[in-house]
Amino acid sequence: MKSFEYARPASLDEAFALLSENWGETEIMAGGTDLVTAMKQYVTEPNRVVSLRGVAPLRAINATDAAIEIGAMATLREVLRHDAVKAQFPAVVTAIQGIASPQMLSRGTIGGELCQRPRCWYFRTGHGLFAKENGEALVPAGDSRYHAIFGNQGEAHFVSPSSLGPVLVALGATLRIQKGADSRDVPADAFFQTPATEKDRETVLKPNEILTAIVLPVSGAKNATYEVRHRHGLDWPYTTASVSFVLDGGKAKNVRIALGHVAPTPWVAKEAQAALEGQEVTEATAAAAGAAAVAGATPFDKNGYKLQLVKTAVKRALLAATA
Amino acid sequence: MATPQWPKMEKRALLGKRISRLDGPVKATGQAKYAYDMNRPGMLYARCCFAPYGAMKINGIDASAAEKAPGVRAVLVEQNMIGDEVRYVGQILATVAADTEEQAHEALRLIKVDFERLDMVLDDMNPANATGKPSGKEEGTVDDAMAAAKVVSEGEYGIPVITHCCLEAHGQVSEFKDGEMTFWPSTQSVSAYAEGMDQSIEVEQSKIHVDCQYMGGGFGSKFSHDQWGVIGALLSKQTGRPVKLMLERDQELMVAGNRPSAFGKVRVAVSPEGKMTAIDADVWGTGGNGGYRMPPVPYVFEGIPNVRNKGQGIKTNRGSQRAWRAPSHPQGCFITMAAVEDAAAAAGIDALEFFKNNLDLTSRPEVYAEQLDIAAELIGYKTKAHLRGQGEGPVRRGIGISIHTWGGMGHPSNCDAIINPDGSVEIRLGTQDLGSGTRTVVGIVAAETYGLPLEAITVSMGNNKYPFSSASGGSTTVGGVSSSTRIACTNALNALLEVVAPRLGVAPEALEVAGGKIFESAKPGNSIAWKDACGLMGPNPITKQGANEQKASQDLKLIDAGVGGVQMADVSVDIETGVVTLNEMVAVQDCGLIVDLKTAESQVYGGLIMGITYALYEEALYNHKTGRMLNGDLEFYRLAGLKDIGQLKVHMMTTEKYDSRGVIGLGEPPVISPGAAISNAVANAAGVRVPHLPLTPERVIVALQKGGILV
């Protein structure tokens, strides 16, 4: 890893003063579980690392009847153990449990989880975010087994690595972004973006902006996450589905279904949402929603199997939410 | 007089009991120092610049900027690579030694390599890439037997290149001081580590010292001092400072050895009586840049009357293969046992019945029959078994069987047994403990021979100043060291009995030892405590040698070779996700006389876990454009953890007929069958063969779709 300057500001104001306007010059460190690896891999070579661990308020979790506001620096374990989260959001609990490593849960933060860089093995071995060798894209003819099946027709072929991103999209969460005295709230599905160039990032955050909080609206909606992963212990998901809906007279309303690890961003399964809207949730309607969820998929040579995983994950998440 | 033969079963105090390993506490508490833990005063850290492409012509290497980088003390450029061709990613081009690891890393990036790319071959699944000389044989009349068969089953099978994945990477600390070189390596071969090195580092053999007390895994990949051993020594000589050179994980996975792949198309003929009458196998695979040896197909069922097989290697631009725990056996076993199970399924015969009905085609039918019955009982075969594909619902359960064999003859080993006048005893031998319990085994054999508690024995090993013992590989260590230790201790004891006999008023032949005493066999009350007996020796210790010479030791029934083992796996297959869950695995294993039942069982547990890992997870994947490993990490190069292995049951064969053969090695056997047993269980559950390991969700789904089970 390249030598760097390490700063540990005690307040947000101090932190903003330390951040550059340009990507690559400074990096924000939350738990560091991804950043340190990325620096060792020379995926990023900042001159300065700004740790937010000294900014105490960012770690708070505040619950009201209307919403739970989770500070971006709350650890995954703190979120997992929070009574209001456990009571309202099984979709969040399952997703965090899926992260499975005690070290990651203790050290990793919810903000860091959302801002981690893709695990694409070409990206991590020096081929850039768009996975190229001498200008030629590696994924289509290469080993695409863990790459995108949706939203992959541009240059980005990686999948969003976040386990919580799809959950927040399905739950209609809001992400609070601050820059100096200015603050803006961004809906979870607008927080993630497919980068237009190699230099862009996978979220709308600017280099000198800080994700400060995640706001989960408490609506009483049924929700669940289903994750398919290879290992039973610590592993990345192959595919996840997070769902949320309100049961109104036994019928599902306001259905939201978001998929993880299948696209460069959390992927909203619009066709699946439409298929279930207004229906009772049964084995048959859940399976139909699962089948609808693969609409528009454009798998590469080696990841067509993910269609089956999407169908199953959506079906099982919907059934879990009703259970 | 004591004799070297093993005591009768009923007379043993320690042999065969469940005894905890001597080094357990120091390992569990972190006090055990591995090569990686050796930190010498003024030590430098070395890092290697590796070739980034699988095929390159090197025109020049310019390290001038690296030499001037902060903290850099020396740069060693591999001059012989200039003008030469790189054949796989990771070949060493230069090495930097610096004050810190980070400085060494940074300096590596300043090394400029002038090169041209060359064409590469990476694909080992396509038999058309084979260029090696075919090997194989034809016995009997295969075509006639196929024509006459009731059923001919046909299948394609594959087991990919995997790596050794030693948790402790390869490497060493080297220190050149006062004309002498000391190495603290991670090695499977302490006594022979420095062999052939004296020329390259220009230090006389007698001035090279090697010490390796603890090891974090070798599995066949750590026999040599390797190129980095020489480089570390040269850098230490050049700088006058100790140098630590350990491979990093990606390098470890790419250059420190791997297990060759094997792919096969196999046909098996089954007679109306359910007997296998012919096998026709076409096998290929790659040993990377190294050679390729055809795995044995048919494996164990060598008595199939009509056999045609052909094997051919594919030279690829990947790191070279090295011996991987039970070389060629897991591959031969997987291809054969999967084909056998497919034949049973094609004939509509229960797999266990089919295996038993064909045991006369193996060289130890009685052993396998007994073991199959024990395994079936342990896994609950009768209540759980079904014919292939009879499962229902989204999660389907199945059982799979495999059988295996191994040699395990004790290797050449020498031992010094020392009895001191104060009653203390020491055993010295230049062997190594790879984590398998060698130190404990040596202690148990000595304690048993002297009639002393295990704590009374000092085991000195892991250093090349002690008597020569061979490298640890091929399950040869336990036989070698237990035999040499037994003989040396018997010789030392007899010398002591000569001293003690006059005091007890009998001939030495009338004496024996047990419970810390030397006593008259016919009149146990006529005795002397061990310590008092040693006090009679005078000022000089007794030092006696013992050597394991294979033929002589085998004649004494101290050691033997040739074992059988049976494994069964119980799995669940989620046919909607392709995820395989291992519920339970049973291993029944013979290894002759067992010195320590606990460490023996541990070996089998370890073998099972390693086997489960390659059955379900492991596969080296390569970038098709560069030849670099895509999963040169422990993130996408997956290893099984506790949640992945299910319940493991181990049964060791300990009855007289096994015990009386003497000690036989156990390192390799338990790792041979898991791939086959688990693949067979998945086929039994899912109703379709998943042709290639590892059994990943993507492979299972594709097989289910092809088989029409998933639409």
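The values are calculated or read from the model by the stated rules, or taken from the named source; none is laboratory data. Nothing here was measured: the structure is a model prediction, and the numbers come from that model. No Cβ is skipped: glycine too gets one built from the backbone with ideal geometry, and neighbour counts run over all protein chains shown.
Taken together, A:THR109, A:THR94, A:THR174 contain a single residue that is more than 23 Å from B:LEU122 (Cα to Cα), more than 14 Å from chain B (Cβ to nearest Cβ), surrounded by 22 or more Cβ atoms within 10 Å (Cβ to Cβ) and among the polar types (S, T, N, Q), which is A:THR109. If the condition is being more than 7 Å from chain A (Cβ to nearest Cβ) and among the basic types (Lys, Arg), then the stretch B:640-655 contributes only B:LYS649.
Taken together, the residues in the stretch B:51-79 that are among the polar types (S, T, N, Q) and within 33 Å of the chain's Cα centre (by Cα) amount to 0.
Here is a yes/no grid of residues against (1) outside any helix (DSSP H, G or I); (2) over 22 Å from B:THR696 (Cβ atoms); (3) at pLDDT below 95; (4) away from chain B (no Cβ under 14 Å):
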site	(1), (2), (3), (4)
A:GLU280	yes, yes, no, yes
A:ALA284	no, yes, no, yes
A:GLY290	no, no, no, no
A:ALA295	yes, yes, no, yes
A:ASN303	yes, no, no, no
A:LEU309	no, no, no, no
A:ALA313	no, no, no, no
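Scanning the stretch A:69-88 turns up no residue that is among the small types (Gly, Ala, Ser) and within 14 Å of another protein chain (Cβ to nearest Cβ).
Scanning the stretch B:569-594 for residues that are within 13 Å of B:VAL650 (Cα to Cα) and among the charged types (D, E, K, R), which turns out nearest to the chain's Cα centre (by Cα)? This residue is B:ASP590. Scan the stretch B:512-525 and give yes if some residue there is crowded, with 18+ Cβ neighbours inside 10 Å, of a type in the set (S, T, N, Q) and either in a strand (DSSP E or B) or in contact with a helix residue (DSSP H, G or I) (Cβ under 8 Å, 6 or more places away or on another chain) (or both), otherwise no. Within the stretch B:512-525, none of the residues are crowded, with 18+ Cβ neighbours inside 10 Å, of a type in the set (S, T, N, Q) and either in a strand (DSSP E or B) or in contact with a helix residue (DSSP H, G or I) (Cβ under 8 Å, 6 or more places away or on another chain) (or both).
The residue that is farthest from the other protein chains (Cβ to nearest Cβ), among those in the stretch A:126-138 that are buried (at least 21 other Cβ atoms within 10 Å of the Cβ) and in contact (Cβ under 8 Å) with a residue 12 or more places away in the chain, is A:LEU129. For the stretch A:245-263, the count of residues that are within 14 Å of chain B (Cβ to nearest Cβ), crowded, with 24+ Cβ neighbours inside 10 Å and in contact (Cβ under 8 Å) with a residue 24 or more places away in the chain is nonzero.
Answer yes if at least one residue in the stretch A:210-219 is small (Gly, Ala, Ser), modelled with pLDDT under 95 and in contact with a helix residue (DSSP H, G or I) (Cβ under 9 Å, 6 or more places away or on another chain), and no otherwise. Scanning the stretch A:210-219 turns up at least one residue that is small (Gly, Ala, Ser), modelled with pLDDT under 95 and in contact with a helix residue (DSSP H, G or I) (Cβ under 9 Å, 6 or more places away or on another chain). Of the residues making up the stretch A:45-68, at least one is in contact with a strand residue (DSSP E or B) (Cβ under 8 Å, 6 or more places away or on another chain), at pLDDT 95 or above, hydrophobic (A, V, I, L, M, F, W, C) and within 26 Å of A:THR125 (Cα to Cα). Within the stretch A:204-233, the residues that satisfy the criterion of being buried (at least 22 other Cβ atoms within 10 Å of the Cβ) and within 14 Å of chain B (Cβ to nearest Cβ) are A:TYR226, A:GLU227, A:VAL228, A:HIS230. Criterion first (away from chain A (no Cβ under 14 Å) and of a type in the set (Gly, Ala, Ser)) does B:GLY578 satisfy it? Criteria not met by B:GLY578.
Would you confirm whether or not the stretch A:95-102 contains a residue that is modelled with pLDDT of 95 or more and under 18 Å from A:ILE214 (Cα atoms)? Yes, the stretch A:95-102 contains a residue that is modelled with pLDDT of 95 or more and under 18 Å from A:ILE214 (Cα atoms). Highlighted here are the strands (runs of 3 or more DSSP E) found entirely within the stretch B:164-280 that include at least 3 residues which are over 30 Å from B:VAL671 (Cβ atoms) and either of a type in the set (Ser, Thr, Tyr) or not assigned by TED's automatic domain parsing to the domain that holds B:GLU668 (or both): B:171-177, B:180-185. So for the stretch B:661-676 (the condition being buried (at least 22 other Cβ atoms within 10 Å of the Cβ), within 14 Å of chain A (Cβ to nearest Cβ) and touching a Phe, Trp or Tyr at 6+ places or on another chain (Cβ under 9 Å)), does at least one residue qualify? No - not one qualifying residue is present in the stretch B:661-676. Reported count of residues in the stretch B:550-575, each being touching a residue at least 12 places away in the same chain (Cβ under 8 Å), more than 14 Å from every other protein chain (Cβ to nearest Cβ), charged (D, E, K, R) and on the phi < 0 side of the Ramachandran plot, is 2. I need the full set of residues from the stretch A:20-32 which are buried (at least 20 other Cβ atoms within 10 Å of the Cβ) and either farther than 21 Å from A:ARG124 by Cα or touching a Lys or Arg at 6+ places or on another chain (Cβ under 9 Å) (or both), in order please. Once the filter is applied, which keeps residues that are buried (at least 20 other Cβ atoms within 10 Å of the Cβ) and either farther than 21 Å from A:ARG124 by Cα or touching a Lys or Arg at 6+ places or on another chain (Cβ under 9 Å) (or both), the stretch A:20-32 yields A:THR26, A:GLU27, A:MET29, A:ALA30, A:GLY31. Counted as qualifying within the stretch B:347-457 are no strands (runs of 3 or more DSSP E), as none has 3 or more residues that are charged (D, E, K, R), at pLDDT 95 or above and in the same structural domain as B:PHE219 (by TED's automatic domain parsing). Only a single item in (1) surrounded by fewer than 24 Cβ atoms within 10 Å (Cβ to Cβ); (2) of a type in the set (A, V, I, L, M, F, W, C); (3) more than 14 Å from chain B (Cβ to nearest Cβ) is not met by A:ALA141, and it is number (3). Candidates are the residues of the stretch B:693-711 that are more than 13 Å from chain A (Cβ to nearest Cβ) and out of contact with any helix residue (DSSP H, G or I) (no Cβ under 6 Å at 6 or more places or on another chain); the one that is surrounded by the most Cβ atoms within 10 Å (Cβ to Cβ) is B:GLY707.
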